[in-house]
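In what follows, a single structure is set out as structure tokens and then discussed.
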Amino acid sequence: MVFGIIVFPGTWSDTDCFYAIQDVLGFRAEYVWHEETDLSRFDCLILPGGFSYGDYLRTGSIAKLSPIIASLDSYINSGKLVIGICNGFQILCECGFLPGVLLKNDCLEYRCVQTNLKVASNDHAFSNLCNIDEILDIPISHGEGNYYADQETISNLEANNQIAFRYSSPGGDTSAEYNPNGSINNIAGILNASKNVLGMMPHPERCCESILGSEDGSLIFKSISKWINKNI
């Protein structure tokens, strides 16, 4: 299988993703420049973190106009897998591939800390190796990670089991004190209706080695590999 890592001007977590996926976990990875349009060789595409186009106007608003986005739309509609991490999540929302928006953190500060994520669903490609309510130790690094959507959208996400992860305590408490950015319902990651697109603010690529204090991020990439190999 092959992971494609999409690179926009201003992307900077692409090298972290490449290192984690290929050098640490042993899967094949390729960089994909934002002007490419043939995505057929990839089994899963990653939109990594960073500041695409400097986050000018608003996060993801210029990246939305890149040539690769039309091809990404077709790629998603074909049922293939896409994961947006941090700025990648923001881009997926801006493009309408995921509902909602990422607002400024409620503290109005950039947050770069370890967080605990409570697994809210595992009936999809991205966390099928995890147990429901399992706690993952994965860092965040963002200034605009405050997920918001209207109440009808939130109700639909909850009803359709499209919440992937919630911020929590190490013991799984999802009360407000363990919410690092004000995200509604402690949401850290969501899925589209078909569950082949995941957006998450935390950075799994930054915790795939024990030397970094956690290997929990590897569960996400290994889950993707297992899902693809099972469905080939």
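The values are calculated or read from the model by the stated rules, or taken from the named source; none is laboratory data. Quick caveat, the model's predicted, so the values are computed rather than measured. Cβ coordinates were reconstructed from backbone atoms using ideal geometry, including for glycine residues, and neighbour counts include every protein chain displayed.
Which of the residues belonging to the range 123-180 are surrounded by 14 or more Cβ atoms within 10 Å (Cβ to Cβ), hydroxyl-bearing (S, T, Y) and either over 17 Å from C207 (Cα atoms) or at pLDDT below 95 (or both)?
Y147, Y148, T153, S168, T174, Y178 - these are the residues of the range 123-180 that are surrounded by 14 or more Cβ atoms within 10 Å (Cβ to Cβ), hydroxyl-bearing (S, T, Y) and either over 17 Å from C207 (Cα atoms) or at pLDDT below 95 (or both).
For the range 8-28, what are the residues that are in a strand (DSSP E or B) and buried (at least 23 other Cβ atoms within 10 Å of the Cβ)?
Residue satisfying the conditions is T11 alone.
Residues being closer than 13 Å to G100 by Cβ and either in a strand (DSSP E or B) or free of Cβ contacts under 8 Å to residues at least 40 places away in the same chain (or both): count how many of those fall in the range 131-153.
Result for the range 131-153: 6.
What are the residues in the range 59-86 that are out of contact with any His (no Cβ under 9 Å at 6 or more places or on another chain), assigned to a loop (DSSP other than H, G, I, E, B), at negative phi and surrounded by 13 or more Cβ atoms within 10 Å (Cβ to Cβ), if any?
Selection gives T59, S61, I62, K80.
Is there a residue being in contact (Cβ under 8 Å) with a residue 60 or more places away in the chain and out of contact with any helix residue (DSSP H, G or I) (no Cβ under 7 Å at 6 or more places or on another chain) anywhere in the range 56-71?
Yes, that holds for at least one residue.
Checking S52 against (1) under 15 Å from G189 (Cβ atoms); (2) buried (at least 23 other Cβ atoms within 10 Å of the Cβ); (3) in contact with a Phe, Trp or Tyr (Cβ under 6 Å, 6 or more places away or on another chain), which test does it fail?
S52 satisfies all of (1) under 15 Å from G189 (Cβ atoms); (2) buried (at least 23 other Cβ atoms within 10 Å of the Cβ); (3) in contact with a Phe, Trp or Tyr (Cβ under 6 Å, 6 or more places away or on another chain) except (1).
Could you grab me the full set of residues in the range 165-187 that are within 19 Å of Q151 (Cβ to Cβ), not charged (D, E, K, R) and not in a loop (DSSP other than H, G, I, E, B)?
Across the range 165-187, the qualifying residues are A176, I184, N185, N186, I187.
C93 fails exactly one of the following numbered conditions: (1) surrounded by 15 or more Cβ atoms within 10 Å (Cβ to Cβ); (2) over 20 Å from S183 (Cα atoms). What is the number of that condition?
(2)
Look through the range 33-49, keep the residues that are under 19 Å from P202 (Cβ atoms) and not β-branched (V, I, T), and return whichever of them is surrounded by the most Cβ atoms within 10 Å (Cβ to Cβ).
Per the stated criteria, the residue is L47.
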